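Step one of this worksheet: look at the structure below.
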Amino acid sequence: MIPTFRILVLLLVAVPLLSAAVVPLFGRAARRAALVLALLQAGLTAAVVLVALPVLNQRGESMMPDTPGRARPIQRFVPEFVPGDPGYRGNPDSSTHRTGWTLLSFGDGPADRPGPRVQFYVGVDGLNVWLVALCSLMMLAAILVSWEAVADRPGPFYGWLFVLQAGAVGAFLSFDLILFYAFFELTLIPSFFLIGRWGNGPGRRDAARKFFLYTLGGSLLTLVGLVGVVLTNPLPDGRVTFALPDLMAAVQQRTGGPGSAGLQAGLFACLVAGFLVKVPVWPLHTWMPAAYREAPIGVTILLSALLAKLGTFGLLRIVLPLMADAAVEYGLYGRAVIGVLAGVGIVYGALCAYAQRDIKMMVAYGSLSHLGFLVLGLLAFNTEGVGGAALHMVNHGVSTGALFALLAFLLDRYRTTDMRAFGGLMGRFPRFAVLAFVVCLASIGLPGLNNFVSEMLMMAGLFDPRAGGGRVPGFAVVAAAGIFLSAWYVLTMLRRVFFGPPAEPPAVAGGPVPDIDGREGVALGGLAAVCLLLGLFPQVVLDPMEADVAVVAAIGDAARDRVEGPAPKGYVPPAPRRFRAPDPPPAGGGGGLPPPPFPEPAD
């Protein structure tokens with residue numbers, strides 16, 4: 001059955017691309033075709049998630065405590081259900097967690113061995129499985145809320161949406177650095193056309209150009225960083241590799257000494273620049289207001305829920321494992337440059353959100369504030385911070401995407417989201433008001449709803465007593481201030497729009513304006529239900545992440561030891577746990593994968 005599951009993972013990328021080619025052929029019926037194809041992708045994603053969860057949960061349960069005094073093991077990501085996996089000794093029902101599918105080779109040698117080649121290396125692990133599910137969920141929401149809003153050339157519009165989904169899914173699934181970068185860059189093209197062609201205002205073309213140039217410039221710097229990391233961390237035999245698990249091992253073999261973080265600083269700056277632009281983090285956010293304001297509401301949902309997560313996911317998947325010393329030195333510890341930027345962004349975004357009179361822009365700046373908190377959680381570089389941030393990528397995508405989806409209700413009926421034009425909507429549209437209350441309370445972290453658990457986990461990570469000079473608790477205070485400010489501006493908006501004297505602008509269609517219909521109820525009600533389910537059952541999302549979060553946290557612990565020295569006296573770390581990857585067969589056992597280039601040290 002394993003080869004069948006690998007085909008399903010391959011289809012996660014292939015189906016959106018095929019859908020993008022097919023949907024424009026349906027003309028005016030494109031929206032129905034897009035919905036059917038999005039449901040097909042959602043069903044495929046659900047099948048992959050259901051198959052993967054038992055495997056990923058078992059990995060978490062099989063993590064083993066490190067023995068005191070034992071040499072630190074090499075930490076790697078271990079993707080499951082990799083298409084093209086040759087299997088041990090040629091047995092297709094076994095897994096080597098590698099691929100033999102080569103896209104571009106720079107040398108000779110077996111395709112299933114580490115080497116200088118770009119491979120179609122995709123797979124599922126605890127860090128990406130729920131983000132892939134998020135892509136399918138938000139794609140359905142984007143199609144449903146665009147149902148009435150996009151009447152001009154709907155075929156190409158939905159086609160570009162599928163290309164955007166394919167780029168996001170491919171980037172989340174990639175374990176080859178160049179393949180990740182290719183999918184990462186692919187998202188720029190559909191975003192440019194969707195904003196510039198189907199945007200709402202006269203500034204849509206300028207917004208599209210600004211978005212494209214900003215993100216392209218940052219991404220080119222990221223490419224320089226990726227190539228630099230690969231070239232400066234060759235395998236023991238001198239070859240280079242783009243495969244992330246092998247590169248992680250090479251970096252850990254070569255990293256050491258207090259000066260290593262300084263040597264990484266230039267590459268770290270290049271690597272992180274593109275990710276911070278994509279998130280975005282202050283002051284690299286200046287493309288965001290225009291893009292979010294001018295984009296159609298369905299596109300804004302995908303920009304906030306998916307594209308922003310590509311930036312934070314790049315930090316989690318690439319920057320922390322490959323540039324650990326620099327991430328400690330310039331993150332929240334040492335010089336704390338990135339932490340300061342994220343902290344300023346939390347407060348700046350919240351204050352700008354409060355100052356807005358357009359609800360769409362309030363949500364956009366609020367997203368900037370919440371994403372700064374997410375970056376702080378990642379840079380805490382410990383189990384609670386990384387685990388909370390990984391969970392918050394999903395939670396923020398759902399809650400912020402749901403907030404933008406709610407605005408489609410107002411845009412379809414009134415063509416405005418200016419809160420000064422509304423009042424007393426609770427009595428006018430009770431069903432819409434209930435859903436708006438649920439989503440807004442989720443966004444401010446009300447206990448029992450989704451953002452609460454991930455924000456508390458990140459806060460716990462920021463209170464790590466290992467913080468040099470007490471800086472991380474200081475960042476925790478800033479993050480707490482951001483939570484308070486988010487409640488301030490969201491509740492202020494609810495008071496102005498849903499309470500007080502009744503007021504509403506002229507309706508687009510004239511006549512009585514209806515409450516939420518069936519299509520909107522499915523889109524908005526479904527997202528509100530997910531916010532509730534993630535708040536009540538967060539462990540369903542956290543358990544599959546456990547093994548992979550432990551890998552990142554162990555790399556962070558080792559980096560702090562090198563950069564800051566041993567933990568202070570009296571510090572009691574949580575019980576360390578790690579996942580031990582499956583042992584390879586003996587060398588020469590016949591035709592399968594040889595032992596990894598960096599075997600774990602013997603006990």
* To do: Kindly check whether there is at least one residue in the range 274-292 that is surrounded by fewer than 24 Cβ atoms within 10 Å (Cβ to Cβ) and free of Cβ contacts under 8 Å to residues at least 40 places away in the same chain.
  => no
* Structure fact -> Counting only helices (runs of 4 or more DSSP H) entirely within the range 212-314, those with at least 1 residues that are under 16 Å from Ala324 (Cβ atoms) are 244-254, 260-278, 308-314
* Top-ranked residue of the range 147-170 - restricted to ones that are in a helix (DSSP H, G or I) and in contact with a Lys or Arg (Cβ under 9 Å, 6 or more places away or on another chain), ranked as nearest to Leu303 (Cα to Cα) -> Ala168
* Structure fact -> In the set Val497, Val508, Val513, the lone residue that is assigned to a helix (DSSP H, G or I) and among the β-branched types (Val, Ile, Thr) is Val497
* Among the residues of the range 300-312, count how many are under 12 Å from the mean Cα position of the chain (by Cα) and either more than 17 Å from Ala269 (Cα to Cα) or surrounded by fewer than 24 Cβ atoms within 10 Å (Cβ to Cβ) (or both). => 9
* To do: For residues that are aliphatic (A, V, I, L, M), more than 19 Å from Val15 (Cβ to Cβ) and not in a helix (DSSP H, G or I), tally how many sit in the range 112-146.
  => 2
* Just wondering, is there one or more residues in the range 203-226 that are in contact with a Gly (Cβ under 6 Å, 6 or more places away or on another chain), crowded, with 21+ Cβ neighbours inside 10 Å, β-branched (Val, Ile, Thr) and closer than 27 Å to Val118 by Cβ? -> yes
* Does Pro544 qualify as being within 26 Å of Ala46 (Cα to Cα), modelled with pLDDT of 90 or more and crowded, with 22+ Cβ neighbours inside 10 Å? -> yes
* If you go through the range 187-211 one residue at a time, how many are part of a loop (DSSP other than H, G, I, E, B) and hydroxyl-bearing (Ser, Thr, Tyr)? -> 1
* **Search result, residues across the range 4-46 that are closer than 14 Å to Val124 by Cα, surrounded by fewer than 14 Cβ atoms within 10 Å (Cβ to Cβ) and not β-branched (Val, Ile, Thr)** => Ala46
* Asked: Within the range 437-457, is there a residue that is more than 18 Å from Val145 (Cβ to Cβ), aromatic (Phe, Trp, Tyr) and without any contact (Cβ under 8 Å) to a residue 40 or more places away in the chain?
  -> no
* Residues in the range 277-299 that are more than 17 Å from the chain's Cα centre (by Cα) and of a type in the set (Lys, Arg): how many? -> 1
* Asked: Tell me, which residue of the range 226-240 that is modelled with pLDDT under 90 and either within 20 Å of the chain's Cα centre (by Cα) or among the small types (Gly, Ala, Ser) (or both) is nearest to Pro190 (Cα to Cα)?
  -> Gly228
* If a residue has to be of a type in the set (Gly, Ala, Ser), more than 20 Å from the chain's Cα centre (by Cα) and crowded, with 17+ Cβ neighbours inside 10 Å to count, how many in the range 47-56 make the cut? -> 0
* Among the residues of the range 414-450, write down those that are more than 14 Å from Met493 (Cα to Cα) and part of a loop (DSSP other than H, G, I, E, B). => Arg415, Thr416, Phe429, Gly445, Leu446, Pro447, Gly448, Leu449
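The values are calculated or read from the model by the stated rules, or taken from the named source; none is laboratory data. Values in this document were obtained by computation on a predicted structure and should not be read as measured data. Methodologically, a virtual Cβ is constructed for each residue, glycine included, from the backbone with ideal geometry; neighbour enumeration extends over all protein chains shown.
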